[in-house]
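Participant: My questions will all concern the structure given below.
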Amino acid sequence: METTTFPNLFWDDNVTEHVSQSSDMVEENIDKIYEIYLPRILSSSKYVRIIMYIFGFSGNLLAFLLWIRKPMIHSSGCYLAALAMSDIAFLILDLLYSLHNEWGINTFNFPIMCETFAILYLTTQYTSPLLTLGFTTERYIAIKFPLKRKIYCTPKRAITIMIFLVFLSLALCGIQGYFVTYYKEKNDCLMTKDKLQIWESWTWSTEMVMFLAVPVMILALNMLVIFEIRKSRTIALELRRIIFKTSATTTMLLAVSFVLIFTTLPVSIAYALNNSFPPGIIHISLSDINKDPVWRAHLRYYEASKIIYIVGLTHYVMNFYIYLVAGDKFRRHLLIMLRCKKS
């Protein structure tokens, strides 16, 4: 991470002058530090999210409606329909999160809603890589053991596995409601201090599994799928048989898997490095922050991690557009659906 080229921090003279006039301590203004020193990245995050919501909601809704149509609802279609619904659920919750934290609109600081939001927001994030792992595993079975495809790669089995994966995500995230509490006197949803250490250990463990171990497993399975496809082609050449083309479904699933890997792993690495770039001491005035090397390193890390996180969110938006590019059958049936015709 230290060798990564970070966007430069420009210390605006007007901002510095404004800050220097304040004698308040950082401890009293810690929520304002990023707003003062990183206004561009915070404002960019808000407006990039708006674009993501526009393309994400429309794309995932169309994908879901198409994958549940009869000609498309094979086992892989079941996974992709569930993935579209999971992405829609995440975007709804992320919209509430953005309104609350970036626009200052209270969306979940209420009794029960506080704890429920903490559970569901993380659950939808866990469901996406698990579903991707599910259909990647299925695709490997279909390529490696084609004769067993009708046994293991069926819509009924896919639905059973999807239900299990959703409940697994809920089970892992259910404890999040225990860590946060709504405080009426502060009108805020806060982490309970005596549970902070448990929360850090649990969240660190589960997120490293979901956003690091699972993507690595998906990557390994993708490599095996590609290897089996090449192996089949080599055998076909040796036997002078017709070389089969990789199916559009396999291409789409590989593309979706790789997009998730390339957008999720950098976020996991940035998250893992969080403790390596802590904020500086809080017993200095706000005007001294830009002179403190610890604070400068932290702000550079925060800016870089914010960019990485926003890029990481794109896999909740991109799937529909991957289907359009990689799936000829998907495009044909989309046109049929938009024209309100039967397939």
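Participant: Could you grab the relative contact order for the stretch 25-338? Cα pairs under 8 Å, six or more apart, rounded to a whole percent.
Facilitator: 24 percent
Participant: Separate question: What is the fewest-to-most order of TRP103, TRP202, TRP67 by other Cβ atoms lying within 10 Å of their Cβ?
Facilitator: The order, fewest Cβ neighbours first, is TRP103, TRP202, TRP67.
Participant: Do any of LYS70/LYS144; LYS70/LYS150; LYS184/LYS306 go past 20 Å between their Cα atoms, and which?
Facilitator: Long pairs (Cα-Cα over 20 Å): LYS70/LYS144; LYS184/LYS306.
Participant: Could I ask something else about it? Take the alpha carbon atoms of the stretch 178-193, find their center, do the same for the stretch 288-343, and report the distance between the two centers in whole angstrom.
Facilitator: So the separation of the two Cα centres works out to 31 Å.
Participant: Take the residue pairs LYS193/LYS291; LYS148/LYS231; LYS195/LYS291 and return only those whose Cα atoms are more than 25 Å apart.
Facilitator: Violating the 25 Å Cα-Cα cut-off are LYS193/LYS291; LYS195/LYS291.
Participant: May I pose another question? Arranged by the count of other C-beta atoms within 10 angstrom, fewest first, what order do VAL267, VAL325 take?
Facilitator: VAL325, VAL267
Participant: What is the packing order of peptides 38-49, 123-134, taking the mean over residues of other C-beta atoms within 10 Å and listing the highest first?
Facilitator: Descending packing order for the listed peptides: 123-134, 38-49.
Participant: Most exposed first by the Cβ proxy, i.e. fewest other Cβ within 10 Å, how do ILE226, ILE50 rank?
Facilitator: Going from sparsest to densest Cβ surroundings: ILE50, ILE226.
Participant: I want to verify the translational diffusion coefficient of the stretch 25-338 in µm²/s; compute it with Stokes-Einstein, Rh as the Kirkwood radius over Cα pairs, at 37 °C and 0.692 mPa s.
Facilitator: Translational D for this selection: 151 µm²/s.
Values quoted throughout were computed directly from the atomic coordinates according to the rules given, and no laboratory measurement underlies them. From a predicted model like this one, the values you see are computed outputs, not experimental measurements. As a convention, Cβ positions derive from the backbone with ideal geometry for all residues, glycine included, and neighbour counts pool all protein chains shown.
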